[in-house]
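Inspection log for the structure reproduced underneath, given as structure tokens.
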Amino acid sequence: MSGRFIEGKWVTKAHWEADRGGAFKRQESRFRDWVTNPEPDRYHLYISHACPWAHRTLIVRRLMSLEDIVSSSTVHPLMGADGWHFDAKDPVFPSEDPLHASTYLRELYLRTDPTVSGRVTVPVLWDRHENRIKNNESSEIIRMFATEFINGKTPKYDLYPEAHRSEVDRAMDAIYQPINNGVYRCGFAQTEPAYVKALNELFDALDHWDAVLKEQSYLCGSSPTLADVALYTTLVRFDAVYYVHFKTSKRHIYEYKGLWQFLKRFHRLPGVAETLHLDHVKTHYFASHRQLNPMGFIPPGPDIESMLNT
């Protein structure tokens, strides 16, 4: 079971967000305010180490050296019928809300809008001054981090270079539906035709970008951009989780020369490896999605982190 708000009331249900053909339909993010001229100590980032969308924001925060501008904390990797939660006493995955001592992340949604509707998702960018969620759309948060939040800093990487933003945007758009969202479209499909369509589109896209990355280091050329961040967080979970859990088992990422070399190259950028917590990733997917894995068993291997460093 999973839950969501309907006009401020929490409701649980076995399946959400599918069209009449059984295809998974991702909801749009609810809070979309844009931050300009951010003040130090004003913003806090709530993430899950398990979630690829939240992982994007953590990577950009690290690569842009924003730790002193944006504080961060994580939810517990298990997500049940009550949604993402905090558990400071868990000996393996301790987590807490440092701002409000909340038990559930959904409490922050109600603080922001008592009549909110929709699922409770990460990441969440919280505004301490206004005491509300400022933005919960990962693609917008990482763009803000790469532009508005640098505040005169000169980071090592320009992840969203002004002269090439349209190219970066096109690449992000091109990988979103078939790859980033595609693995979920496979895993959460409710009919076989919907699953097969999503699977074919996923691997067609992987084949395409594998060919691109055999010829160049990154999606938009020789330097990493936000598009590479978005691709990395999906690919690094693929063999360890999606291959089995979401039935994307036509081929491993390590069998693709271009994609695998890209994955290793991006993983080795200073600071990126420290943002990856595959124990959270595997615990969340295999133990939370009981409709896909009823017993909640967490399979061992492959040791992706070791493979990426060899």
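The values are calculated or read from the model by the stated rules, or taken from the named source; none is laboratory data. These numbers come from a predicted model, not from an experiment. Using ideal geometry, Cβ is built from the backbone for each residue, glycine included, and neighbour counts are taken over all protein chains shown.
Would the range 243-251 turn up any residue that is at pLDDT 95 or above, assigned to a helix (DSSP H, G or I), surrounded by fewer than 19 Cβ atoms within 10 Å (Cβ to Cβ) and in the same structural domain as Ala171 (by TED's automatic domain parsing)? There is at least one residue in the range 243-251 that is at pLDDT 95 or above, assigned to a helix (DSSP H, G or I), surrounded by fewer than 19 Cβ atoms within 10 Å (Cβ to Cβ) and in the same structural domain as Ala171 (by TED's automatic domain parsing). Considering the range 196-211, the residues that are in contact with a helix residue (DSSP H, G or I) (Cβ under 7 Å, 6 or more places away or on another chain) and surrounded by 14 or more Cβ atoms within 10 Å (Cβ to Cβ) include one that is farthest from Tyr256 (Cα to Cα), namely Ala198. Which one of these is closer than 19 Å to Thr147 by Cα, of a type in the set (Phe, Trp, Tyr) and assigned to a helix (DSSP H, G or I): Trp53, Trp34? Going through Trp53, Trp34 in turn, the sole match is Trp53. If you check Ala81 against the conditions, is it touching a residue at least 24 places away in the same chain (Cβ under 8 Å) and buried (at least 18 other Cβ atoms within 10 Å of the Cβ)? Answer is no for this residue.
Given the structure, is Asp210 modelled with pLDDT of 95 or more, charged (D, E, K, R) and more than 18 Å from Pro302 (Cβ to Cβ)? When the stated conditions are applied, Asp210 passes them.
In this structure, Pro224 does not qualify as out of contact with any Phe, Trp or Tyr (no Cβ under 8 Å at 6 or more places or on another chain), outside any helix (DSSP H, G or I), in contact (Cβ under 8 Å) with a residue 60 or more places away in the chain and not acidic (Asp, Glu). Of the residues making up the range 84-131, those that are among the basic types (Lys, Arg) and either touching a residue at least 60 places away in the same chain (Cβ under 8 Å) or closer than 20 Å to Asp33 by Cβ (or both) are Arg106, Arg111, Arg119, Arg128. Considering only residues in the range 5-31 that are assigned to a strand (DSSP E or B) and not polar (S, T, N, Q), the one that is nearest to Lys197 (Cα to Cα) turns out to be Phe24. Among the residues of the range 260-310, the one identified as charged (D, E, K, R), under 17 Å from Arg62 (Cβ atoms) and assigned to a loop (DSSP other than H, G, I, E, B) is Arg268. The condition (being modelled with pLDDT of 95 or more, out of contact with any His (no Cβ under 7 Å at 6 or more places or on another chain) and over 25 Å from Thr283 (Cβ atoms)) is satisfied by just one residue among Leu125, Leu110: Leu110. Condition first: surrounded by fewer than 14 Cβ atoms within 10 Å (Cβ to Cβ), in the same structural domain as Tyr184 (by TED's automatic domain parsing) and among the hydroxyl-bearing types (Ser, Thr, Tyr). Can you find one or more residues in the range 295-306 that meet it? Among the residues of the range 295-306, not one is surrounded by fewer than 14 Cβ atoms within 10 Å (Cβ to Cβ), in the same structural domain as Tyr184 (by TED's automatic domain parsing) and among the hydroxyl-bearing types (Ser, Thr, Tyr), which makes the answer no. The residue pairs whose first member lies in the range 1-22 and is farther than 19 Å from His289 by Cβ and of a type in the set (S, T, N, Q), whose second member is modelled with pLDDT under 80 and assigned to a loop (DSSP other than H, G, I, E, B), and whose beta carbons are closer than 7 Å, counting only pairs six or more residues apart or on different chains, do not exist in this structure. Annotation note: Cβ proximity below 7 Å between a residue of the range 48-73 that is free of Cβ contacts under 8 Å to residues at least 60 places away in the same chain and a residue that is crowded, with 24+ Cβ neighbours inside 10 Å and not aliphatic (A, V, I, L, M) (sequence gap 6+ or interchain) occurs for Glu67/Arg61; Ser72/Arg61; Ser73/Tyr46.
Filtering the range 176-196 to residues that are out of contact with any Gly (no Cβ under 9 Å at 6 or more places or on another chain) and touching a residue at least 12 places away in the same chain (Cβ under 8 Å) leaves Gln177, Pro178, Ile179, Asn180, Asn181, Gly182, Val183, Tyr184, Arg185, Cys186, Gly187, Phe188. The single condition among (1) at pLDDT below 95; (2) in contact with an Asp or Glu (Cβ under 8 Å, 6 or more places away or on another chain) that Arg62 does not meet is (1). Tell me, yes or no, whether the range 149-156 has at least one residue that is surrounded by 15 or more Cβ atoms within 10 Å (Cβ to Cβ) and among the polar types (S, T, N, Q). Scanning the range 149-156, I find no residue that is surrounded by 15 or more Cβ atoms within 10 Å (Cβ to Cβ) and among the polar types (S, T, N, Q), so the answer is no.
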